[in-house]
Amino acid sequence: MSIPIYQVDAFARRAFAGNPAAVCPLDAWLPDALMQQIAAENNLAETAFFVPLQGQEADFHLRWFTPTFEIDLCGHATLATAHVLWNERGFAKSEIVFQSQSGPLRVRREADGRRTLDFPSRPPRPLAPDEVPAVLTQALGPGAAVPRAVLAARDLVVEFATADEVLALQPDFGALVALGYIGLVATAPGTAGVDFVSRFFAPEVGVPEDPVTGSAHSTLIPFWAAKLGKTELFARQESARGGELWCRLRGDRVDIGGYAVTYLVGALHNLPGL
């Protein structure tokens, strides 16, 4: 038995940019332990698995695995999965509905080729000084600027004054694990037509620095929409690969738009137990 696999660069218009994700279409779920082994073997930030749903409101059930465990929400691998369904597997409808651990997630195909994720909004709350993890200063690394604010949702969010301060971060990955959050989001106002920038670090889940993190923008969009007084924003994640995100706040939901390109098409063989 073989299983198809696709590797897609999400939030990018060309290969070798954005965030690579693996996507595996399934007829039925594999054992969780085997899906985790596949994700560890792929060694990408996320591997997405999906199965079709019949007679339900959603079209597919979607799950995401980092190299070390299953995660509750992932933007770039959802974008990659929608791209595979439309570009590689002939899905006809212009909107895909996924059922997930975070509830129903919709992806729209835009006329210009961009895909737009409909995700939950997860506004961060400011942390009082005694709530800020004591290890944060060490985690940010040597020479890091003093943050303007520290907030939290699923991830810890650290706001800086300038994009250069975010770009200069050299975090201590060991100390990051001790923060007690899935990831650390560093963010600041953008320049030259970019509303805000960010970087995302999650060594606890096997992702030292994620190239482009859609799920983090579920938190960043409501945060920056409130600060900037606007609901439509353009963002960049300033990793080595970089990524572009078109963002919109819609009440308790956010739109996260981006492009994607297929990098690899193949098959998994010799899986134990199959």
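A single entry from Ala80, Ala134 fulfils the requirement of being assigned by TED's automatic domain parsing to the domain that holds Asp155, closer than 30 Å to Ala152 by Cα and of a type in the set (A, V, I, L, M, F, W, C): Ala134.
Checking the conditions here, which among Ala267, Ala225, Ala188 is farther than 13 Å from Gly75 by Cβ, aliphatic (A, V, I, L, M) and in contact with a Phe, Trp or Tyr (Cβ under 6 Å, 6 or more places away or on another chain)? Full working, then the answer.
Details: Ala267 fails: in contact with a Phe, Trp or Tyr (Cβ under 6 Å, 6 or more places away or on another chain); Ala225 fails: in contact with a Phe, Trp or Tyr (Cβ under 6 Å, 6 or more places away or on another chain).
Checking each option against the conditions leaves just Ala188.
Of all residues in segment 249-274, those that are modelled with pLDDT under 95 have Cβ atoms under 6 Å from Cβ atoms of residues that are loosely packed, with under 12 Cβ neighbours inside 10 Å, 6 or more apart or on another chain, in Leu274/Met1.
When you check Arg154 against the structure, is it in a loop (DSSP other than H, G, I, E, B), crowded, with 20+ Cβ neighbours inside 10 Å, within 20 Å of the chain's Cα centre (by Cα) and in contact (Cβ under 8 Å) with a residue 60 or more places away in the chain, yes or no? No. Between Val197, Val254, Val212, Val185, which is surrounded by 22 or more Cβ atoms within 10 Å (Cβ to Cβ), touching a Lys or Arg at 6+ places or on another chain (Cβ under 6 Å) and not hydroxyl-bearing (Ser, Thr, Tyr)? Matching residue, one of Val197, Val254, Val212, Val185: Val197. Here Thr66 meets each of (1) crowded, with 17+ Cβ neighbours inside 10 Å; (2) under 20 Å from Leu220 (Cα atoms) with one exception, condition (2).
Condition check: surrounded by fewer than 21 Cβ atoms within 10 Å (Cβ to Cβ) and either at pLDDT below 95 or farther than 21 Å from Leu53 by Cα (or both). Does Asp172 satisfy that? Can you show your working first?
On the way: surrounded by fewer than 21 Cβ atoms within 10 Å (Cβ to Cβ): yes; either at pLDDT below 95 or farther than 21 Å from Leu53 by Cα (or both): yes.
Yes.
Residues in segment 126-149 that are out of contact with any helix residue (DSSP H, G or I) (no Cβ under 7 Å at 6 or more places or on another chain), not acidic (Asp, Glu) and not in a loop (DSSP other than H, G, I, E, B): Pro126, Pro129, Leu136, Thr137, Leu140, Ala149. Being of a type outside the set (D, E, K, R), within 22 Å of Arg125 (Cβ to Cβ) and touching a Pro at 6+ places or on another chain (Cβ under 9 Å) is the filter here; which residues of segment 153-182 pass it? Residues satisfying the conditions are Ala153, Leu156, Val157, Val158, Phe160, Ala161, Leu176, Ala178, Leu179, Gly180, Tyr181.
Evaluating Val107 against the criteria (1) more than 22 Å from Asp195 (Cβ to Cβ); (2) modelled with pLDDT under 95 leaves one unmet condition, (2).
For Leu167, the conditions (1) in contact (Cβ under 8 Å) with a residue 60 or more places away in the chain; (2) among the hydrophobic types (A, V, I, L, M, F, W, C); (3) surrounded by fewer than 19 Cβ atoms within 10 Å (Cβ to Cβ); (4) over 21 Å from Gly243 (Cα atoms) all hold with the exception of (4).
The values are calculated or read from the model by the stated rules, or taken from the named source; none is laboratory data. Quick caveat, the model's predicted, so the values are computed rather than measured. In this analysis, Cβ positions are derived from the backbone assuming ideal geometry, glycine residues included, and neighbour counts consider all displayed protein chains.
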